[in-house]
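> So that we are looking at the same thing, I have put the structure below in structure tokens.
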Amino acid sequence: MKPATAAKKLGVYLEATPAEFQEGVVSRDELNALQAEPPEWLRDLRRNGPHPRPVIAAKLGISISGLARGGITDALTTEQIDAVKTENPDWLKRERETQAEVRKEEARLKASQNEK
């Protein structure tokens, strides 16, 4: 598979991976090995970043669209994400409220479908 696909499956920011990972092709067996026993560079990326947008959104408890509305378009490190959490700007509060509403609505729909 392409390095971008492998990076997405591993939950890491492709541009932060080693050059040999970015330039190569990753087989299913290699991907499974990376997931089972991640090398130091992968453990470090997962721990410290920079992180891709889906990971940032999850860590902040908002959607990827919410990141864009908040003006975050680049990868962030764990330290930068923690700083945003600490600052807790108005846009983050709004996006968290929106995300909570979405989850509540999804739960309501699932419950109504189970009643049928």
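Here, each number is a calculation from the coordinates, and none is a lab measurement. Everything quoted here is computed from the prediction, not taken from an experiment. Methodologically, a virtual Cβ is constructed for each residue, glycine included, from the backbone with ideal geometry; neighbour enumeration extends over all protein chains shown.
> Just to be sure I understand, if you calculate Cα Rg over 2.2 N^0.38 Å for this structure, which of (1) 1.16; (2) 1.29; (3) 0.96 do you get?
(2)
> Would you grab the residues whose amide H sits under 5 Å from the one on Leu76? Only those 5+ places off in sequence or on another chain, please, with H modelled 1.01 Å from N.
So Leu76 has HN proximity to His51.
> If you don't mind, another one. When the Karplus curve 6.51 cos²θ - 1.76 cosθ + 1.60 is applied with θ = phi - 60°, which whole-Hz ³J(HN,Hα) does each residue of region 13-22 get, with x for Gly and Pro?
7, 3, 5, 8, 7, x, 4, 5, 6, 5
> Using only alpha-carbon positions, what ratio does the radius of gyration of region 49-115 give when scaled by 2.2 N^0.38 Å? The partial results should precede the final answer.
Working: Rg = 13.8 Å, N = 67, 2.2 N^0.38 = 10.9 Å.
Cα-based Rg divided by the globular estimate yields 1.27.
> May I ask you to compute the full-extension gain from Thr77 to Lys59, defined as 0.36 nm times their residue separation minus their alpha-carbon distance, rounded to one decimal in nm? Walk me through the numbers on the way to the answer.
Working: separation 18, 0.36 × 18 = 6.48 nm, distance 1.11 nm.
Additional length available on full extension: 5.4 nm.
> Arranged from highest to lowest average of other beta-carbon atoms within 10 Å per residue, in what order do the peptides 104-112, 61-69, 92-100 appear?
On the way: 104-112: 9.8, 61-69: 16.3, 92-100: 14.8.
Ranking, from highest mean packing down: 61-69, 92-100, 104-112.
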